[in-house]
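See structure below.
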Amino acid sequence: MDGIINAASNKTKHHLLINQNFTTMGKKVALATLAGFVTLFILGYLVYEVLMKGSMAEMQAAAGACMSTEPAYAYIIVATLVQSLLISLVLYKFNATTFQSGLMNSAWVVLLICLWYDIWFLTSMPWFTNNMAIMDVVMNTVQSAIAGGVIGWVLGKVK
């Protein structure tokens, strides 16, 4: 009978440990996602609305009716939140806990995702040029790397 009680007790302890680890992960990822979201949103505004406004207007003109002339902010918010969550989950799994490790790891991941996406985009959108693809890959990689640095830093600070 003692064996059954000990086995049940060990199972309960193991279950509590899993819940505790999941709660810690959830807290870290949630706070890191929020910090990454704010960083990405601010950088996105600075890059697309301030720094690259002229280039974005040229891209919209080249795309014609294939591209919206006014940004859909609700979708931008959701997309930025999803991007931040993706980076946070990846960096959590990579055990990135410093600004530098977050920056480097997210730069590689986002670089590969953007290259893949833009290469496929080049095959199906005749108005999308090599220069646009290069600009897109560079801007997204830099923004995501900086946000990844912030996310990595937050993951290292939250206990």
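Residues are listed down the side, and each one gets a yes or a no for (1) surrounded by 16 or more Cβ atoms within 10 Å (Cβ to Cβ); (2) at pLDDT below 70; (3) at negative phi; (4) over 24 Å from the mean Cα position of the chain (by Cα):
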| site | (1), (2), (3), (4) |
| --- | --- |
| LYS11 | no, yes, yes, yes |
| MET25 | no, no, yes, no |
| LEU31 | yes, no, yes, no |
| ALA35 | yes, no, yes, no |
| VAL38 | no, no, yes, no |
| LEU43 | yes, no, yes, no |
| VAL47 | yes, no, yes, no |
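Out of everything in segment 49-65 that is in a helix (DSSP H, G or I) and touching a residue at least 24 places away in the same chain (Cβ under 8 Å), what residue ends up being surrounded by the most Cβ atoms within 10 Å (Cβ to Cβ)? The selected residue is MET59. Among the residues of segment 70-124, the one identified as exposed (fewer than 14 other Cβ atoms within 10 Å of the Cβ) and acidic (Asp, Glu) is GLU70.
Answer yes if at least one residue in segment 113-125 is outside any loop (DSSP other than H, G, I, E, B), of a type in the set (Gly, Ala, Ser) and farther than 21 Å from LYS27 by Cα, and no otherwise. Before the answer, list the steps.
Residues of segment 113-125 outside any loop (DSSP other than H, G, I, E, B): 113-124.
Next, only the ones that are of a type in the set (Gly, Ala, Ser) stay: 124.
If we keep only those that are farther than 21 Å from LYS27 by Cα too, we end up with 124.
Looking for residues that are outside any loop (DSSP other than H, G, I, E, B), of a type in the set (Gly, Ala, Ser) and farther than 21 Å from LYS27 by Cα, one finds at least one in segment 113-125, hence yes.
Looking only at segment 127-145, decide whether some residue is surrounded by fewer than 18 Cβ atoms within 10 Å (Cβ to Cβ), assigned to a helix (DSSP H, G or I) and in contact with a Gly (Cβ under 8 Å, 6 or more places away or on another chain). No: zero hits. For segment 71-91, a residue qualifies if it is in a helix (DSSP H, G or I), without any contact (Cβ under 8 Å) to a residue 24 or more places away in the chain and either farther than 22 Å from ALA107 by Cβ or not small (Gly, Ala, Ser) (or both), and the qualifying residues are TYR73, ALA74, TYR75, VAL78, VAL82, LEU86, VAL90.
Residues considered: ASN95, ASN105. Of these, the only one that is free of Cβ contacts under 8 Å to residues at least 12 places away in the same chain and among the polar types (S, T, N, Q) is ASN95. One residue stands out among those in segment 129-152 that are free of Cβ contacts under 8 Å to residues at least 60 places away in the same chain and not aliphatic (A, V, I, L, M): the one that is nearest to GLU58 (Cα to Cα), which is ASN131.
The values are calculated or read from the model by the stated rules, or taken from the named source; none is laboratory data. The shown structure was predicted, so the numbers you read here are calculated from the model rather than taken from an experiment. No Cβ is skipped: glycine too gets one built from the backbone with ideal geometry, and neighbour counts run over all protein chains shown.
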